[in-house]
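The values are calculated or read from the model by the stated rules, or taken from the named source; none is laboratory data. Fair warning: this is a prediction, and the values are worked out from it, not measured in the lab. Counting neighbours? That spans all protein chains shown, and the Cβs are built from the backbone with ideal geometry, glycine included.
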Amino acid sequence: MAEGSATVKAVVSGDTLILQGRSTGGPPPERQMSLSSLMAPRVARGPTGMAQEEPWGWAAREFLRRHCVGFQVSFKVDYTVPMLNNREFGTITLNGESLNRTVVKEGWARVRLPRTGNESEASPELEELVRLEAEALAEKKGLHAGEAEEGATREGVQWGPGVDTEAILQRIKGKPTRMTIEYVRDGGAFRALVLDSHIYVNLSLAGIAAPRVNFPPKTASAAGDGGAGATTVAAGTASKPEPYALESRNFTETRLLHRDVDVVVGGVDKYGTLYGTILHPKGNISVELLKAGLARIVEFSIDFASRENVLQYRLAERQAKAAQLRIWKGYVPPTVTGSKEFVGTVIEVVGGDLLVVKVETGKEAGEERKVSLASLRAPRQGNAKKGERGEPWAAEAKEFLREKVIGRSVVVTVEYEREIAVGERKEKRSYASVVIGKGAKRRSVAEMLVKEGLAVVTRHRDEGRAENYDDLLFAETAAKAGKKGMFSGGPAPLPPRVTDLSLDSKKARSYLPHLQREASVRAVVEYVFSGSRFKVYIPSENCSVMMALTSLRTPNPPRGSAVPGDKNARAGDPFGEDAKTHARQHLHQRTIEVSFADMDKNGVALGSVSVLTGGGERLPFGLELVKLGLARVDERGTTSLPAAFVHALHEAQVVAKAARRGIWSVPVEEVEEEEEVTVAQSEEPVEVSVSEIVDGVHFYYQEASNTEVLARVIEKMKALEAEGRSENAIAFEPRKGNIVAALFDDGSGPLWYRARVEDKLSMSNGGGFMVSFIDYGNKAIVGRSQVRTLDASFTAMPAQAKRAKLAFLRAPDLKDDFGQEAAVAFSRLAYGKVLRARVFGLERGTLLVSLQEEGENSSPATSMKTLNHLMVEEGLARLSKQADGVISKLGKSSAVNLVEEMKEAQELARRGRIGMWRYGDVADSDDEDAY
């Protein structure tokens, strides 16, 4: 017969125990053993269990449990009973004393004599056991006291479903309560008995979860105390446990199963499971499981643990991760792209949990990064364009955040990244902890929001969370207790009904007296369109209005996509994007002071803006723009301004010009503001050569009189080539509008040419820069290594390529029918020839010209007609709808004659179905605006 030593793991009843051996590289072996020749009263295993509880059954089981659970014992198998699935019966010795004798001596079991013919099924101590039973009977010990005695049966026992765990929670919440762990489902989930009321409850450790054993629902443990059920499962029905699940369960069973422990309950879930912390004399089992890598922290129940315990849990889990213990084997901490920590200024609040920060430190200095507050979710904003309403409290959350952080310096620590859907595309978003203030005034932005009840904490299921995650959880608990914000239980405040004057120019003009009622009014900038044009919200009048700076003109920013081919795109003026960016970073969503002077016919309010600083100062925004060379003084708008301020503007402009800042670093003709159509000072024809053709009517040309200047430019660029392409290159980051040297290969090898940076391309578009070559007019995309800085001696010489178009004509776009044919025909007529150009005027910076071939080699057919006429004659260009109106503005007879000739040519081409007229009349565009 088998014998040996083991630890008593559990006690099933007054005569049956679970013994556990030593581990040999996995869960330790176990065996169930009953005490030889003894029979204790049965213990119930539920209201519909295998047997009803007999009198004194519970008391007998409790005696044996308290006497030996967790102790080392010696055992010897005396016999087995085949009819009972070969159940083992034996003698168990604790501290040199037989448990069989102790149980009988105390009256908690009866001696069972062997049946006739089965004399071998008896304890070697049978005679002694019979004697001890007689003594216990005489003394009326234990079950011999009689069934009517107090304690023979348990009163008020409640099992499983139907138990009011909410009532139990209210009674014992936060107070150490004595319980017995009756069954361990996995390392962090149990069935427990509340000792003061004999109620069986499901109990889980708050804030942690162990790997699931995933046994099927019907096992021997399902009905009652579960002692035997911990080891007995129907054959072939168990699902596969999760990795380390058995080891985790054994870790807990060894320490807690059938032990009396103090439990501090913190909450209950919708399934009636209580969540709490088990207090053990040797420590907190949750901490030990986490340290051993046999459990992980879960957020859905972390609120039910105390703050002190949670801090211990975080530390224990970090240690297990660092050591890659068990479930953390192969663990790799999450990584983030870009800077992990940086200092920046908040320039936009997109929503209650989403910010745009201009980076001020590190390699990314000057860039804008969009960051979401880590582990936080604020109510979602609506979309007025789509007719979507925001969630309740969304406006309050955004406004609270705007008031706290806009324009302030913050420390951003990126905690994790997620790929999120933004419309039809996906974007990698950084989630960060954001802190404002220093020293004792250092505060978490996320925690401020949560405390006001304007955001909820995310319950993470995967890796990555805010550094102060536990502080956020406790702040949320406090907000709920204080019924703040969205936790108030009441409806969210109704959003104010704002009158949007930008949609109605007539109504806007009627508001002007109200806006001028005070010398200055407080406003919030809602949107920045350019360096001098904004949309502002005026709280005192509860209205939004478009406004422009009355005394300044700023360059226009680009519109539409920077990718070539976008028909809606409009190239911006040099430094137009810089001016807009500066305004956005210093005005967007800021509280400003506005003085309104007038309003134009379109309902755009004209006035001046002062930026409010933290110290209460008022800084004139327009003056700052002029100082930086991002605006110039418009004399027409200065009449309503104080003389001292106008003088300051002029002084700032003089200084900016002298320092060649911003727009003043570009040749004068590139930044001069022009009317839509202005008359040329002279109509005298000049000799030109076409250097670049854009389409059937747009082109660039070089004047023959500037040949010497162009030659000097070419020589200087050759000298630059001789210096080497990279050895002497200055490392720099070109900005839009900068004049640089860029490499271009026209087929004879790459050479350096002067170029203006038009745009910086994103990495998704290949990186690099879009540049235009100012001496030739062509454009190209170049890489970073193909751009170099130029000193003032290179930029002092004016650009040699002039932007022009065939006057009064319109040609199809290159991608439209006959667009390519028009460009090819124009190239055939113009390239490589000496042409005579007559300039009629200027249209938005583009010269309106007629071209005519001259020289010995010109044919009579072409020398007598302008290229304008010839393009119309071939049916590849047509008169603009506004041609007659332009002529009246110009007042030039030569222009009238040219247009009349082209009208006749166009009519002949139309009737002859030539070129674009092949299939009939060409439809006019309703929005045609080319002159």
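Within region 572-627, track down each residue that is out of contact with any Leu (no Cβ under 9 Å at 6 or more places or on another chain) and among the β-branched types (Val, Ile, Thr).
Residues satisfying the conditions are Thr581, Val604.
Within region 261-309, track down each residue that is β-branched (Val, Ile, Thr), surrounded by 20 or more Cβ atoms within 10 Å (Cβ to Cβ) and within 33 Å of the chain's Cα centre (by Cα).
Val268, Ile297, Ile302
Scan (1) in a loop (DSSP other than H, G, I, E, B); (2) touching an Asp or Glu at 6+ places or on another chain (Cβ under 8 Å); (3) assigned by TED's automatic domain parsing to the domain that holds Lys580 for the single condition Ala492 breaks and write down its number.
Failing condition for Ala492: (3).
Restricting to region 621-651, what's the tally of residues that are at pLDDT 80 or above, crowded, with 19+ Cβ neighbours inside 10 Å and of a type outside the set (A, V, I, L, M)?
So the answer is 5.
Return yes or no: is Phe304 farther than 30 Å from Gly437 by Cα and at pLDDT below 90?
In short, no.
For the subset of region 368-390 comprising residues that are assigned to a loop (DSSP other than H, G, I, E, B) and modelled with pLDDT under 90, which member is surrounded by the fewest Cβ atoms within 10 Å (Cβ to Cβ)?
Among those that are assigned to a loop (DSSP other than H, G, I, E, B) and modelled with pLDDT under 90, it is Gly387.
Can you name the number of the only condition in (1) assigned to a strand (DSSP E or B); (2) over 17 Å from Gln312 (Cβ atoms) that Tyr275 fails?
If we test Tyr275 against (1) assigned to a strand (DSSP E or B); (2) over 17 Å from Gln312 (Cβ atoms), just (2) comes out false.
So the check is Cβ under 8 Å with 6+ separation or different chains; which pairs have a first residue in region 856-883 that's in a loop (DSSP other than H, G, I, E, B) and modelled with pLDDT of 90 or more and a second one that's among the aromatic types (Phe, Trp, Tyr) and buried (at least 23 other Cβ atoms within 10 Å of the Cβ)?
Filtered contacts from region 856-883: Leu876/Phe826.
Quick test of your reading of the structure: Val654 fulfils all but one of (1) closer than 28 Å to Ser502 by Cα; (2) at pLDDT below 90; (3) of a type in the set (A, V, I, L, M, F, W, C). Name the failing condition by number.
With respect to (1) closer than 28 Å to Ser502 by Cα; (2) at pLDDT below 90; (3) of a type in the set (A, V, I, L, M, F, W, C), Val654 is out only on (1).
How many residues, within region 310-359, are surrounded by 15 or more Cβ atoms within 10 Å (Cβ to Cβ), of a type in the set (Asp, Glu) and not in a helix (DSSP H, G or I)?
Adding up the residues that qualify gives 2.
From the residues in region 822-850 that are assigned to a helix (DSSP H, G or I) and either aliphatic (A, V, I, L, M) or not assigned by TED's automatic domain parsing to the domain that holds Ala704 (or both), which one is surrounded by the fewest Cβ atoms within 10 Å (Cβ to Cβ)?
This residue is Val824.
Can you confirm whether Thr613 is without any contact (Cβ under 8 Å) to a residue 24 or more places away in the chain, in contact with a strand residue (DSSP E or B) (Cβ under 8 Å, 6 or more places away or on another chain) and either of a type in the set (Ser, Thr, Tyr) or surrounded by fewer than 20 Cβ atoms within 10 Å (Cβ to Cβ) (or both)?
Yes, satisfied.
Keeping to region 24-77, report how many residues are assigned to a loop (DSSP other than H, G, I, E, B) and touching a residue at least 12 places away in the same chain (Cβ under 8 Å).
Within region 24-77, residues that are assigned to a loop (DSSP other than H, G, I, E, B) and touching a residue at least 12 places away in the same chain (Cβ under 8 Å) number 23.
Here is a yes/no grid of residues against (1) modelled with pLDDT under 95; (2) closer than 21 Å to Gly14 by Cα; (3) among the acidic types (Asp, Glu); (4) in contact with a Pro (Cβ under 9 Å, 6 or more places away or on another chain):
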| site | (1), (2), (3), (4) |
| --- | --- |
| Glu150 | yes, yes, yes, no |
| Pro161 | yes, no, no, no |
| Leu195 | yes, yes, no, no |
| His198 | yes, yes, no, no |
| Ser204 | no, no, no, no |
| Pro216 | yes, no, no, no |
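Run down Glu419, Glu463, Glu467 and say which single residue is over 23 Å from Arg590 (Cβ atoms), in a strand (DSSP E or B) and either within 21 Å of the chain's Cα centre (by Cα) or not aliphatic (A, V, I, L, M) (or both).
That would be Glu419, the only listed residue that is over 23 Å from Arg590 (Cβ atoms), in a strand (DSSP E or B) and either within 21 Å of the chain's Cα centre (by Cα) or not aliphatic (A, V, I, L, M) (or both).
Is one or more of the residues making up region 886-903 within 20 Å of Lys802 (Cα to Cα) and at pLDDT below 85?
Looking for residues that are within 20 Å of Lys802 (Cα to Cα) and at pLDDT below 85, one finds none in region 886-903, hence no.
Could you look through region 1-23, keep only residues that are over 30 Å from Glu147 (Cα atoms) and part of a loop (DSSP other than H, G, I, E, B), and pick out the one that is modelled with the highest pLDDT?
Gly21
Residue under question is Arg442, and the condition is that it be farther than 30 Å from Ala209 by Cα and either in the same structural domain as Ile302 (by TED's automatic domain parsing) or among the basic types (Lys, Arg) (or both); does it hold?
Yes: the conditions hold for Arg442.
What are the residue pairs meeting all of these: first residue in region 382-407, first residue within 30 Å of Thr613 (Cβ to Cβ), second residue modelled with pLDDT of 90 or more and among the polar types (S, T, N, Q), Cβ atoms under 8 Å, and 6 or more apart or on different chains?
Arg402/Gln589; Ile406/Gln589; Gly407/Thr345
Could you count how many residues in region 657-670 are more than 28 Å from Val524 (Cβ to Cβ) and modelled with pLDDT of 75 or more?
9
Working carefully through the options Glu147, Glu155, Glu133, find the one that is surrounded by fewer than 17 Cβ atoms within 10 Å (Cβ to Cβ) and over 60 Å from the mean Cα position of the chain (by Cα).
Glu147
Return the residue satisfying two criteria in turn: it lies in region 907-923 and is on the phi < 0 side of the Ramachandran plot and exposed (fewer than 10 other Cβ atoms within 10 Å of the Cβ), and of such residues it is modelled with the highest pLDDT.
In this case the residue turns out to be Arg911.
Report yes if Lys398 is buried (at least 20 other Cβ atoms within 10 Å of the Cβ) and modelled with pLDDT of 90 or more, otherwise no.
yes
Which of (1) crowded, with 16+ Cβ neighbours inside 10 Å; (2) of a type outside the set (D, E, K, R); (3) at pLDDT 85 or above; (4) over 46 Å from the mean Cα position of the chain (by Cα) is the odd one out, the single condition Met717 does not satisfy?
(3)
If I go through region 149-185 residue by residue, how many of them are touching a residue at least 40 places away in the same chain (Cβ under 8 Å), closer than 21 Å to Arg65 by Cα and among the charged types (D, E, K, R)?
Result for region 149-185: 5.
Identify the single condition in (1) modelled with pLDDT under 85; (2) farther than 29 Å from Phe534 by Cβ that Lys480 does not satisfy, given that it satisfies every other one.
Just one mismatch for Lys480, condition (1).
Being assigned to a helix (DSSP H, G or I) and either among the β-branched types (Val, Ile, Thr) or within 18 Å of Asn706 (Cβ to Cβ) (or both) is the filter here, so list the residues in region 795-821 that pass it.
Listed by number, the list holds a single entry, Thr795.
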